[in-house]
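Just below is one structure, and these are the notes that go with it.
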Amino acid sequence: MYIPDEFKNTDFEKQVEFVRQHTFAVLVTTGKQSPIATHIPVLSHVKNNKLILYGHIAKPNPQAETFYNDADALVIFQGSNAYVSSSWYSHENVSTWNYQAVHCYGKIKVQTELELMECLQLMTDFYEAKVQHPKTFDKIPAQVIRENFGGIVGFEIEVSRIDAIDKLSQNRNNKDYFEIVKQLSLSEDKNAQQIAAEMQKRRNDNEN
């Protein structure tokens, strides 16, 4: 991913936090003729100062054929994004797009049945914790788990490289920066509102 210096996020803790907050990701591997990708939830933890990603896909998915130990993988996490109009600048320039994203590179490790089962429990309980009446893994009938367990393949990726971008108008002067924040805040698009909130937070943090 191309990242101009002013937009680089090199803070490991912030990279990890972003991955934890934006768990619906794109898993990319290399097929026989071309790259292949699947949109899936991907969770993570840090072990020995390394970011570990884990998830699963359906066995009938053609991408499963690319799963073998030490196969290269890329996992893309993306946050909010918003169009920035050049009409908001105090000088002539071009329009652009503000966004945040993290690309994680590493090698595939195919999970054992035990590892997959443990990760299914972690993933289920993680997402169910956000539900009003959670149905945690221990409440799912064993038969239902057995019927579905054979149809998936689990993976882990120890991340060897992280490319992270926070393109949030850091290259603009204060007047233009806050005009962008204002205009995005006024938008009916929730993505734009979220980008505005993140821009405002960062400027507040820098002033403290």
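The values are calculated or read from the model by the stated rules, or taken from the named source; none is laboratory data. Nothing here was measured: the structure is a model prediction, and the numbers come from that model. In this analysis, Cβ positions are derived from the backbone assuming ideal geometry, glycine residues included, and neighbour counts consider all displayed protein chains.
Given the condition polar (S, T, N, Q), closer than 30 Å to residue 146 by Cα and either surrounded by 14 or more Cβ atoms within 10 Å (Cβ to Cβ) or in contact (Cβ under 8 Å) with a residue 24 or more places away in the chain (or both), answer yes or no: does some residue in the range 95-109 qualify? No.
Total residues in the range 175-200 satisfying the condition of being of a type in the set (Ser, Thr, Tyr) and farther than 13 Å from residue 89 by Cβ: the figure is 2. The set of residues in the range 130-169 being surrounded by 10 or more Cβ atoms within 10 Å (Cβ to Cβ) and part of a loop (DSSP other than H, G, I, E, B) consists of 134, 135, 136, 140, 151, 168, 169. If you go through the range 65-94 and keep only what is at pLDDT 95 or above and assigned to a helix (DSSP H, G or I), you end up with 86, 87, 88.
Count of the range 95-129 residues, restricted to those that are β-branched (Val, Ile, Thr) and part of a loop (DSSP other than H, G, I, E, B), is 1.
In contact with a strand residue (DSSP E or B) (Cβ under 6 Å, 6 or more places away or on another chain), charged (D, E, K, R), at pLDDT 95 or above and not in a helix (DSSP H, G or I): is that true of residue 188 in this structure?
No.
Regarding the range 20-34, can at least one residue be identified that is modelled with pLDDT under 95, surrounded by 11 or more Cβ atoms within 10 Å (Cβ to Cβ), outside any loop (DSSP other than H, G, I, E, B) and touching an Asp or Glu at 6+ places or on another chain (Cβ under 7 Å)? Yes, there is a match, as at least one residue in the range 20-34 is modelled with pLDDT under 95, surrounded by 11 or more Cβ atoms within 10 Å (Cβ to Cβ), outside any loop (DSSP other than H, G, I, E, B) and touching an Asp or Glu at 6+ places or on another chain (Cβ under 7 Å).
Contact map, the range 189-208: first residue closer than 16 Å to residue 81 by Cβ and surrounded by 10 or more Cβ atoms within 10 Å (Cβ to Cβ), second residue of a type in the set (Gly, Ala, Ser) and at pLDDT below 95, Cβ cut-off under 9 Å, separation 6 or more or different chains; the map is empty. The set of residues in the range 92-110 being of a type outside the set (D, E, K, R) and under 21 Å from the mean Cα position of the chain (by Cα) consists of 97, 98, 99, 100, 101, 102, 103, 104, 105, 106, 108, 110.
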